[in-house]
Amino acid sequence: MLQLNLPSRLFKSLPLCSLSSSTTLQEIASSHPTNKGIAKVVLKKGKTQLFKDGSPMVYSGAVDRIISRPPPVTGDIVLVADGTEKPIGWGMYNSKSMFTVRLMQLEEEAMRDPSCALNMEKLLETRVNAAIQLRRRLGLPSTHTNAYRLVNSEGDRLSGLIVDVFGDLAVIASSAAWVEKYKSEVEACISRVDEIHHINWRPSVEILKEEGLEVSISKEIPLCHERTKVVENGISYAISHTGQKTGFYADQRENRKFISTITAGQRVLDICCYSGGFALNALRGGAVDVLGVDTSLPALELARENVILNSMDLGRISFLREDATEYMKDALSRNESWDIVILDPPKLAPRKKVLQSASGMYRNLNMLAMRLTKRGGLLMTCSCSGAMTQSGAFMRILQAAASTAGRKLTVIRQAGAASDHPLDPSYPEGAYLTNILVRVS
């Protein structure tokens, strides 16, 4: 069982005995031992309620003025205040990002737990501990699943920090300047989790550029970290940590498990199969024939390795390196079809500005997939683009694809990321994965 052993030492803040549940943020800031005049970010009129309600990202357009001499610099702790300059919370400042402040704690929270007020190190440990307790309640890790998400950014109230656990290895993905500033504290905090013996730091390079930071991913990954073996829903996987994201998409875990319940006796096509997650679950569920298609040779090598790792029947599963669109067009020209088709393409709309063009790609891919699905068969189709999921347009795109394909859809199941990827309802922008199962007739 996971356990975070919190150190008994006091943190660099006000002595705990001097704080009470009635202490306000303003009072704490005024007597802070490192206080040289903690900056106050004052919000524009009419913008305060959004952040009082918990939205963690204070965008630059919501800021009226900053009270501080000298001005704060990226990585500083700042107060966030309403138009009357009364603090509503505190967070981490960034002078270069479109998000001026990432709110970490609201005023009422600070009054309930003043030990964390204006103290990122203490708050970090408190929030990570809460994240661990939540995963315990979800049964993670367990003997049949030891690959899961431990910290999910805004969903765990640590905006910009993602931690995926793979056995005894934690892969930390940073996408905020404050995470990079507190790198050693983050690593120390995660290393205190009992089962974690190794840590890989994987900065999100492109996102951090928007944060005003130039970082690179270390090429010197220890040999013991290049490959890790994990188990998910009783299926073993080899994970490469030089590959995509943190190395494994734990967000589809519950959807992969569902696939294993509906594939008995079916022929299954897994488009954009990556390392074979859906394909292996389909085979485990009793599929008579499974084909995985992907453009990535390293991913397909992992997929084949995973089949062998699980001692599965090599005669019932195969993988092919080919472009998804080209393969589906060629398969249609041969009049091929499958009982179940899975379509899980990479992120096609990383930004709202490309949503329109991405919509056309999603429509075309799904139209082809629907035509490859036998009438009365099932299509599981996905989008991991936050811009698409948040737009609410994916279902309309599927309907348009069905119309073009000459098919009728019946929606059977709608899902998102697995339960270890919690969402903050005050920040709906955290939702990114859509998984829809339809009958195609």
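Between the range 251-319 and the range 109-171, what is the separation of their alpha carbon centroids in Å?
31
When the accessible area of the range 234-357 is split by element with a 1.4 Å probe, what percent falls to carbon and sulfur?
Values: 2640 of 5220 Å².
C and S atoms contribute 51 percent here.
Ranking request for peptides 234-240, 288-294: highest mean number of other beta-carbon atoms within 10 Å first, then the rest in descending order. Could you put the intermediate results ahead of the total?
Values: 234-240: 18.6, 288-294: 23.0.
Going from most to least packed, we get 288-294, 234-240.
In the range 295-441, what % of DSSP beta bridges are antiparallel (nearest 5)? Spell out each step's value before the answer.
Values: 13 of 18 bridges.
Here the antiparallel bridges make up roughly 70 percent for the range 295-441.
Just checking my list (i) 18, 45, 30, 7, 0; (ii) 24, 51, 23, 3; (iii) 20, 40, 25, 11, 3, 0 against P(r) over Cα pairs in 20 Å bins from 0, in percent computed from this structure; which label fits?
Recomputing P(r) over Cα pairs in 20 Å bins from 0, in percent here gives the entry labelled (ii).
Could you give me the ³J(HN,Hα) list for the range 172-186, computed from phi with Karplus coefficients 6.51, -1.76, 1.60 and θ = phi - 60°, whole Hz, x at Gly and Pro?
Along the range 172-186, the couplings run 9, 10, 9, 9, 9, 4, 5, 5, 5, 5, 9, 3, 5, 5, 5 Hz.
Using the heavy atoms of the protein chains alone and a 1.4 angstrom probe, what is the accessible area of the range 59-205 per residue in square angstrom? All intermediate terms of the calculation are to be shown ahead of the outcome.
Values: 5320 Å² over 147 residues.
Each residue of the range 59-205 exposes 36 Å² on average to a 1.4 Å probe.
How large, in percent, is the carbon and sulfur part of the accessible surface of the range 137-186 at a probe radius of 1.4 Å?
On the way: 690 of 1500 Å².
Carbon and sulfur: 46 percent of the exposed surface of the range 137-186.
Hey, can you grab everything whose amide H is under 5 Å from the amide H of V151? Only 5+ residues off in sequence or another chain; H modelled, so Pro and N-termini drop out.
V163
Given the rule -39500 (n - 2.57) for each run of at least 4 DSSP H residues, summed and divided by the residues of the chain, what is its mean residue ellipticity at 222 nm, to the nearest 500 deg cm²/dmol? Present the calculation step by step, with values, prior to reporting the outcome.
Working: 15 runs with 133 residues, N = 441.
So the helix-based figure for the chain works out to -8500 deg cm²/dmol.
Averaged per residue, what accessible surface does the range 328-441 expose to a 1.4 Å probe, in Å²?
Details: 4990 Å² over 114 residues.
Accessible area per residue: 44 Å².
With the Cα gyration tensor of the range 115-256 giving a ≥ b ≥ c as the square roots of its eigenvalues, does the rule (a/c under 1.5 for rounded; else a/b larger than b/c for prolate; else oblate) give rounded, prolate or oblate?
Numbers: a/c = 1.75, a/b = 1.20, b/c = 1.46.
Taking the square roots of the gyration eigenvalues as a ≥ b ≥ c, the range 115-256 is oblate.
Take the alpha carbon atoms of the range 43-164, find their radius of gyration, then divide it by 2.2 N^0.38 Å using N residues; give the quotient. Kindly include the intermediate steps, with their values, before the conclusion.
Details: Rg = 16.1 Å, N = 122, 2.2 N^0.38 = 13.7 Å.
Relative to the rule-of-thumb radius for its length, the range 43-164 sits at 1.18.
As an exercise, identify the trypsin sites (Lys or Arg not before Pro) in the range 100-208 lying in DSSP coil whose Cβ has no more than 12 other Cβ atoms within 10 Å. Don't skip to the end; give the middle numbers.
Details: sites: R102, R112, K122, R127, R135, R136, R137, R149, R157, K181, K183, R192; in loops: R157, R192.
Passing both the DSSP loop test and the Cβ count: no residue.
Enter the per residue convex hull volume of the range 285-441, computed from alpha-carbon coordinates, in Å³ rounded to the nearest integer. Write down the numbers at each step before the final one.
Working: hull volume 21.3 nm³, N = 157.
Dividing the Cα hull volume of the range 285-441 by its residues yields 136 Å³.
Considering only DSSP beta bridges where both residues belong to the chain, give the percentage that are antiparallel (nearest 5).
Values: 48 of 76 bridges.
That works out to approximately 65 percent antiparallel.
Under 5 Å between amide hydrogens, which residues at least 5 positions from S95 or on another chain qualify, with H placed 1.01 Å from N in the peptide plane?
HN-HN under 5 Å from S95: T74, G75.
Which distance in Å, rounded to a whole number, links the C-alpha centroids of the range 374-401 and the range 26-92?
40
Using the crude model of +1 on Lys and Arg Cβ and -1 on Asp and Glu Cβ, and no other charge, please compute the dipole size for the range 36-128 relative to its Cα centre, in debye to 20. The partial results should precede the final answer.
Working: 14 positive and 11 negative charges, 77 e Å.
Around 380 debye, computed over the range 36-128.
Are there chymotrypsin sites (Phe, Trp or Tyr not before Pro) in the range 362-441 that DSSP puts in a loop and that have at most 12 other Cβ atoms within 10 Å, and which ones?
Working: sites: Y362, F394, Y432; in loops: Y432.
Sparse-neighbourhood loop chymotrypsin sites (Phe, Trp or Tyr not before Pro): none present.
Return the Cα extents of the range 356-441 along principal axes one, two and three, sorted largest first, each rounded to a whole Å.
Principal-axis extents of the range 356-441 (Cα, largest first): 40, 27, 14 Å.
Hey, can you grab everything whose amide H is under 5 Å from the amide H of A81? Only 5+ residues off in sequence or another chain; H modelled, so Pro and N-termini drop out.
Here V41, V42, L43, I88 satisfy the definition.
Counting only heavy atoms of the protein chains, get the accessible area per residue of the range 230-315 (1.4 Å probe) and round it to a whole Å² value. Show your work: numbers first, answer last.
Details: 2910 Å² over 86 residues.
That works out to 34 Å² for each residue.
Would you rank M328, M395 by solvent-accessible area, highest first, keeping every protein chain in place and using a 1.4 Å probe?
M395, M328
Sort 267-279, 158-170 for me by packing, meaning the mean count of neighbouring Cβ atoms within 10 Å per residue, highest on top.
Numbers: 267-279: 26.2, 158-170: 23.5.
Sorting 267-279, 158-170 by mean packing, highest first, produces 267-279, 158-170.
Measure off, as a whole percent, the carbon and sulfur share of the 1.4 Å-probe accessible area of the range 30-117, all protein chains present.
Numbers: 2190 of 4120 Å².
Accessible surface attributable to carbon and sulfur in the range 30-117 totals 53 percent.
The values are calculated or read from the model by the stated rules, or taken from the named source; none is laboratory data. The structure displayed is predicted, hence computed values, not measured ones. Glycine also receives a Cβ, built like all others from the backbone with ideal geometry; neighbour counts cover every protein chain displayed. The area values use the complete protein model at the heavy-atom level, side chains included, leaving out ligands, DNA and RNA. Shrake-Rupley method; radii C 1.70, N 1.55, O 1.52, S 1.80 Å.
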